[in-house]
Every structure is written in structure tokens, then in C-alpha cells.
Amino acid sequence: AQKVTQAQTEISVVEKEDVTLDCVYETRDTTYYLFWYKQPPSGELVFLIRRNSFDEQNEISGRYSWNFQKSTSSFNFTITASQVVDSAVYFCALSTLNTGTASKLTFGTGTRLQVTL
Amino acid sequence: DAGITQSPRHKVTETGTPVTLRCHQTENHRYMYWYRQDPGHGLRLIHYSYGVKDTDKGEVSDGYSVSRSKTEDFLLTLESATSSQTSVYFCAISDRDRGYEKLFFGSGTQLSVL
């Protein structure tokens, strides 16, 4: 069985602070994908990143960066110099890599990030 | 814009009544999914489809049925709605055959069962 744990239920920061959202996963599969999605107050789910289990390189996209460590089964997300527009619920998710089958994502419970002025 | 439309966007119904939610895609993607979102649970998979008339159960399928008679439409039915099915329902699509592992989500349907 797969499991994704986002232990931080809610985080509040002041604008321009850096913030890291934690994600720990469990799977018996050796090949899998990890994802982060953003859900702003408007409610839609916005894809942020996908990382496969073969690639442990960290990734940076503007103010966003992701740290994937298989040794600790973690896929943490850092926002540098946070902005009010970053306020949202962030979900980490995991799916297996079985060819030809559906991408059944297992989601964490989400971390609500509140960025204030 | 991933070309996914969910209808209705909001619905209020009474316990025991049947409810059908519709998901329509314009991407011709093979895979379609229904998730529900509840506080403290994140998103959980209800049912999914891997082609016309090909569907399977997800994690929380009890009380739900689905149908897919056309590539573009995936219907979720609550045969007899209960208050525990009050939730936000999201439809998603992916085209695994093209190597796209990411899911694109619709805007969601807020369902309240009174």
C-alpha cells in the first residue's frame, strides 16, 4: 500500500520568508512518480512538478525548489522569498509507474500555507 | 487549460436521492478519474476509467458507480446520496500512453447532501 504524509497541517509565514513544506512517502515499488499540486483559494488544482524515482536531482523553478531524497523517502518543497500569492493548500502525491495502467495518485492530506504582509 | 468541464459546479440534494455528476473532456485522453476531497483526507480516488466502457474501483468506491459510454464523458452516480457523500468532487484526465503521468483536474463540483 502507498502512503503520503504531510505532517504540517498549516504554516504561517510573513512575506519574503523562506518556507519548506515536508512530504514523506511510503511505497514498495521501486519505480514511481512524485508530484506537488497547488490549490489556491479559488479551488482548482494546479500541477507544479513531477519527479520520477530514477532522478534524485534537485530541481529549481524560479522561487520554487524541490529536494528529493530516496534515502529518507522525502520530497520536500521550498518556496524562497514567499509572496501573498503563494497562499494556498499544497498537496504532495505519489503514483506507481506501471506501464499501461492508470496513474492512480495517492495524495497527502495537504499543507495550508498562509503568507501575510 | 486542460479542457475539462465538470457539471454541475454546485449541487444541493437530499438524502436518498440519486445524483449524477458529469465530467467532459476535449483532449481525447484515455484515462479519466473521479476523486473526492475532504478535510483531513486530501484527495481520494473513487473510480477511474481506462477507456470506453472500461472502469475500475478506487480507494473509496462504495456508494458510487460510474459510466463511460464515450471517450469524452465520464459520469459519476450516487445511487442514493448520503450525508457522508457531502464533498468536493474532482474529475481528472491523463494520457498515459503518451508518457504523460501528470493528472489535469477539472474545477470541481461542490456537493451537499442534506
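Rule-based calculations on the coordinates, nothing more; no lab input. The structure presented is a predicted model; accordingly, all values stated were derived computationally and were not measured. Quick reminder, even Gly has a Cβ in these numbers, built from the backbone with ideal geometry, and neighbours come from all protein chains shown.
Worth a mention:
- Positive-pole candidate from A:Ser61, A:Val84, A:Phe35, dipole of chain A, charges at beta carbon: A:Phe35
- Residue among B:Leu43, B:Ser7, A:Leu113 farthest towards the positive dipole end of the protein assembly as shown, charges placed on Cβ: B:Ser7
- Check: chain B dipole with +1 on Lys, Arg Cβ and -1 on Asp, Glu Cβ, in debye: 100 debye
- Reachable lysines from B:Lys57, criterion Cα separation under 21 angstrom, eight or more residues apart if same chain: A:Lys3, A:Lys104, B:Lys70, B:Lys102
- Dipole magnitude for chain A: computed about the Cα centre from +1 point charges on Lys and Arg Cβ and -1 point charges on Asp and Glu Cβ, it is near 300 debye.
- Remark: B:Arg22, A:Arg51 ranked as B:Arg22, A:Arg51, counting other beta-carbon atoms within 10 Å and listing the fewest first.
- Scanning residues 5 or more positions from A:Ile49 or on other chains, those with amide H under 5 Å from its amide H are A:Trp36, with H placed 1.01 Å from N in the peptide plane.
- Annotation: amide H-H contacts under 5 Å for B:Asp95 (H modelled 1.01 Å from N, sequence separation of 5 or more, or interchain): B:Tyr100.
- In sequence order, calculated HN-Hα J values of region B:6-19 (Karplus, 6.51, -1.76, 1.60; Hz; x Gly/Pro): 10, 9, x, 7, 9, 8, 10, 9, 9, 3, x, 8, x, 9
- In this structure, the amide hydrogen of B:Glu72, modeled 1.01 Å from its nitrogen in the peptide plane, lies closer than 5 angstrom to no residue at least 5 positions away or on a different chain.
- Taking θ as phi - 60° and the Karplus parameters 6.51, -1.76 and 1.60, the scalar couplings of region B:27-37 work out to 9, 6, 7, 6, 9, 9, 9, 10, 10, 10, 10 Hz in sequence order, x denoting glycine and proline.
- Per-residue Cβ neighbour rank within 10 angstrom, fewest leading, B:Lys102, A:Lys3: A:Lys3, B:Lys102
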